[in-house]
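Student: Once you've had a glance at the structure underneath, I'll fire off some questions.
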Amino acid sequence: MKVINGLKYSKDHEWVKVEGNRAIIGITDYAQDSLGDIVFVDLPEVGRTVKAGDAVAVVESVKAASDVYSPVSGTVVEVNTNLEASPELINQDPYENWILVLEMSDPGELDSLMDAEGYERFCEEEA
Amino acid sequence: MKKTPLYEKHVSLGAKMIEFGGWMMPLQYTGILQEHEAVRQRAGLFDVSHMGEVMIKGRGATEFIQQLITNDISGMCEFQVLYSPMCYPDGGTVDDLLVYKFDAERYLLVVNAANIEKDVEWIESHKPHDVEVEDLSEQYAQLALQGPKSQEVLQRIVDAPLDKIKFFRFVDGVSIAGVSALISRTGYTGEDGFEIYIPADSACKVWNTIVDAGAEFHVMPAGLGARDMLRLEAALPLYGHELSADISPLEAGLDRFVKLDKPDFIGQEALIEQKGSGISRKLVGLEMRDKGIPRQGYEVQVEGRSIGYITSGGFSPTLKKNIALALIDVLYAAQGSQVDVIVRNKALKAEVVKIPFYAKQYKK
């Protein structure tokens with residue numbers, strides 16, 4: 001299982017890359033591996049506001065649909081439209097192929113997320 | 001939770017194991033899409049040892065099975081296989097099964113894993129005195145080798161000429177790796193292929209022998225994930241989805257396996273009535289027009305009104321489309337009919353299309 005240093009991680013297996021007030025969000029290697037072949041990504045509309053913990057996107061594998069929960073609150077400012085034609089990019093590289101970008105409304109929420117080491121431990125305990 | 005004789009094998013191959021019908025089964029090994037492709041292009045090997053095998057023996061065997069099932073076995077040859085629903089008196093479905101005829105006094109019924117106990121109980125409760133019912137599910141392992149290369153692969157390790165086994169026929173006592181096997185040209189994928197019945201304790205040996213024989217053809221072990229999509233593309237019903245105690249075989253579109261004019265069978269009256277007055281809902285194929293994947297249980301609507309639900313659905317790797325089977329109001333069941341599938345509170349457009357989605361590649 002691949003984990004990247006410098007990212008923040010949620011218990012729902014999303015990662016967050018922070019750039020100023022922007023949170024770039026995707027799903028982790030652990031998540032893509034347990035989902036299996038991803039065949040569809042349901043992206044949110046740009047401009048939508050979400051609270052931390054809200055389902056903000058849906059990743060569908062061959063076998064099931066899984067919600068992507070927003071690790072932080074904010075407004076959707078960008079979505080990765082490459083995933084519409086090529087959802088399998090998430091399987092190929094889940095950290096390169098982000099899903100959406102939020103303009104955070106409460107960056108303090110980042111403190112409740114795990115760092116790479118903490119997330120790795122969390123996954124080991126879950127397995 | 002029950003385990004097949006190949007459980008350890010699946011784990012050692014790195015399979016993701018899931019619970020299915022009370023059994024721990026491999027969902028996938030390398031990936032559902034790859035395994036699906038292997039079956040459509042070359043061949044895939046499935047462990048389907050969870051399926052149940054029930055022997056029906058005795059003088060009254062033929063007549064008894066005639067009463068139990070909706071299809072007609074009176075014209076069956078020895079070493080023929082027949083598919084049939086088995087119904088309750090109200091026309092609801094107990095199970096769908098395969099009948100293997102050895103002779104007029106000996107048949108093997110192959111039933112769905114989740115239904116073994118229920119079926120055996122049902123069959124026992126109707127059994128006349130001149131018939132013996134024996135649940136052999138534990139003694140049999142079953143492998144399915146499916147795909148266009150199946151015959152070529154299997155022929156390398158079997159002496160009997162496989163091209164002589166026609167579609168829905170079988171041979172018994174064939175040797176594979178020194179193990180006596182029953183081999184039928186049957187399957188659940190829409191491809192040519194074989195189902196192989198062997199003693200449970202020989203399952204690993206036969207599995208390994210087939211894998212070795214198939215190596216040069218890149219035959220892959222395939223799991224339930226691939227199997228489910230393969231059968232959905234071929235529009236083959238899965239009990240618990242397209243058939244249930246609440247869904248009759250006529251509603252599921254299985255009319256050609258329901259012989260209403262044969263002598264007395266369980267459910268006959270109700271099914272004749274259904275046929276006469278016309279069914280109110282029918283199983284149809286849907287192709288999504290909007291982007292979204294239909295899943296089991298999703299509601300189907302027309303103008304905001306519920307007309308039925310999805311029984312099975314997903315992304316079809318062969319068609320590169322999102323497809324589903326749905327049980328809907330017969331008024332909207334015609335091909336070309338436009339409906340909505342409710343996906344996460346959104347009404348997404350879909351169209352009723354011809355099934356099967358994938359033309360079956362059987363060797364007749």
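Student: In peptide B:32-39, what is the residue-averaged number of other protein chain Cβ atoms found within 10 Å of each Cβ?
Tutor: Mean partner shielding for this stretch: 2.
Student: With the radius of gyration and the Kirkwood radius both derived from the Cα set of segment B:53-135, what is their ratio Rg to Rh?
Tutor: Rounded to two decimals, Rg/Rh equals 0.92.
Student: Return the long-range amide H neighbours of B:R281 (sequence gap of 5 or more, or a different chain), with a cut-off of under 5 Å between placed amide H atoms.
Tutor: Result for B:R281 returns B:V330.
Student: Magnitude of the Cβ-charge dipole of segment B:53-135, K/R +1 and D/E -1, about the Cα centre, nearest 20 debye?
Tutor: Dipole size: approximately 180 debye.
Student: Another question, if that's okay. Under a 10 Å cutoff between Cα atoms, tell me which one of B:A347, B:A226, B:A141 has the largest fluctuation in the Gaussian network model of chain B.
Tutor: Looking only at B:A347, B:A226, B:A141, the largest GNM fluctuation is found for B:A347.
Student: Just checking the output field for B:340-351: average partner chain Cβ neighbours within 10 Å of each residue's Cβ?
Tutor: For this peptide, the per-residue mean of nearby foreign Cβ atoms is 1.
Student: A further question follows. Using a basic spin-label model with each label point 7 Å from the Cα along Cα→Cβ, how many nm lie between B:E269 and A:E117?
Tutor: The modelled label-to-label distance comes out at 7.6 nm.
Student: Using a 1.4 angstrom probe and counting only protein chains, how large is the accessible area of A:K63 in Å², to 10?
Tutor: Solvent-accessible area, nearest 10 Å²: 80 Å².
Student: Give me the summed buried accessible area for the A-B pair, 1.4 Å probe, to the nearest 100 Å².
Tutor: 1300
Student: With a 1.4 Å probe and every protein chain kept in, tell me what percent of the accessible surface of segment B:175-317 is carbon plus sulfur.
Tutor: 50
Student: Over all directions, average the projected area of the Cα convex hull of segment B:219-364 and note it in nm².
Tutor: That works out to 10.7 nm².
Student: Whenever you get a sec, compute what percent of the accessible area on segment A:8-114 sits on carbon and sulfur atoms (1.4 Å probe).
Tutor: Using a 1.4 Å probe with all protein chains present, segment A:8-114 comes out at 43 percent carbon and sulfur.
Student: Tabulate in residue order the Karplus-calculated ³J(HN,Hα) for segment B:77-90, using 6.51 cos²θ - 1.76 cosθ + 1.60 with θ = phi - 60°, rounded to whole Hz; enter x for Gly and Pro.
Tutor: For segment B:77-90, the Karplus curve yields 7, 5, 6, 10, 10, 9, 8, 7, x, 10, 10, 7, x, 7 Hz.
Student: Then there is this: Which whole-Hz couplings ³J(HN,Hα) result when phi for each residue of segment B:305-321 is put into the Karplus expression 6.51 cos²θ - 1.76 cosθ + 1.60, θ = phi - 60°, listed in order with x for Gly and Pro?
Tutor: Working through the residues one at a time gives 10, 5, 10, x, 8, 7, 9, 8, x, x, 8, 8, x, 6, 8, 6, 9 Hz.
Student: Specify the inter-centroid distance of segment B:173-214 and segment B:91-149, based on alpha-carbon positions, in whole Å.
Tutor: Cα centroid of segment B:173-214 versus Cα centroid of segment B:91-149: 18 Å apart.
Student: Shape verdict for segment B:304-359, please, from the Cα gyration tensor: rounded (a/c under 1.5), prolate (a/b greater than b/c) or oblate.
Tutor: The shape class here is oblate.
Student: Further question on the same structure: B:D130 to B:D212: FRET efficiency via 1/(1 + (r/R0)^6), r the Cβ-Cβ distance, R0 45 Å, to the nearest 0.05?
Tutor: Result of the calculation: an efficiency of 0.50.
Student: Let me ask you something else. Output needed for the protein assembly as shown: three equivalent-ellipsoid semi-axes, defined as square roots of 5 times the C-alpha gyration tensor eigenvalues, in descending order, whole Å.
Tutor: Semi-axes from the Cα gyration tensor: 45, 28, 19 Å.
Student: Suppose each label sits 7 Å from its Cα in the direction of the beta carbon; what would the B:D90-A:S86 distance come out to in nanometres?
Tutor: Simple spin-label model gives 5.3 nm for this pair.
Student: Just the Kirkwood number for chain B, please: inverse of mean 1/r across all distinct Cα pairs, in Å, one decimal.
Tutor: The Cα-based Kirkwood calculation yields 21.1 Å.
Student: With springs only between Cα atoms under 10 Å apart, run a GNM on chain A and tell me which of A:S66, A:S34, A:S112 wobbles the most.
Tutor: The residue that fluctuates most here is A:S34.
Student: Can you give me the solvent accessible area of B:H50 with a 1.4 Å probe, rounded to the nearest 10 Å²?
Tutor: It works out to around 10 Å².
Student: What residues have an amide H closer than 5 Å to that of A:S61, excluding those fewer than 5 places away on the same chain, when H is modeled at 1.01 Å from N in the peptide plane?
Tutor: Placed amide hydrogens put A:V39, A:S66 under 5 Å from A:S61.
Student: I'd like to check one number: the per residue accessible area of the protein assembly as shown, probe 1.4 Å, reported in Å² as a whole number.
Tutor: 42
Student: Å³ per residue of the Cα convex hull, for segment B:72-114?
Tutor: Looking at segment B:72-114, the number lands at 79 Å³ per residue.
Student: Running a GNM on chain B with Cα contacts under 10 Å, which residue among B:D159, B:D228, B:D246 ends up with the highest mean-square fluctuation?
Tutor: Between B:D159, B:D228, B:D246, it is B:D159 that shows the largest mean-square fluctuation.
Student: Largest first, how would A:T28, B:T209, B:T30 line up by accessible area (1.4 Å probe)?
Tutor: I get B:T30, B:T209, A:T28, largest accessible area first.
Student: Per residue Cα convex hull volume for segment A:3-127, in cubic angstrom?
Tutor: Given the Cα convex hull of segment A:3-127, per-residue volume reads 91 Å³.
The values are calculated or read from the model by the stated rules, or taken from the named source; none is laboratory data. Everything numeric in this text was worked out from a predicted model, so none of it was measured. Note: ideal-geometry Cβ built from the backbone for every residue, glycine included; neighbour counts use all protein chains shown. When the accessible area is computed, the model is the full protein with side chains, heavy atoms only, and any ligands, DNA or RNA have been set aside. Shrake-Rupley method; radii C 1.70, N 1.55, O 1.52, S 1.80 Å.
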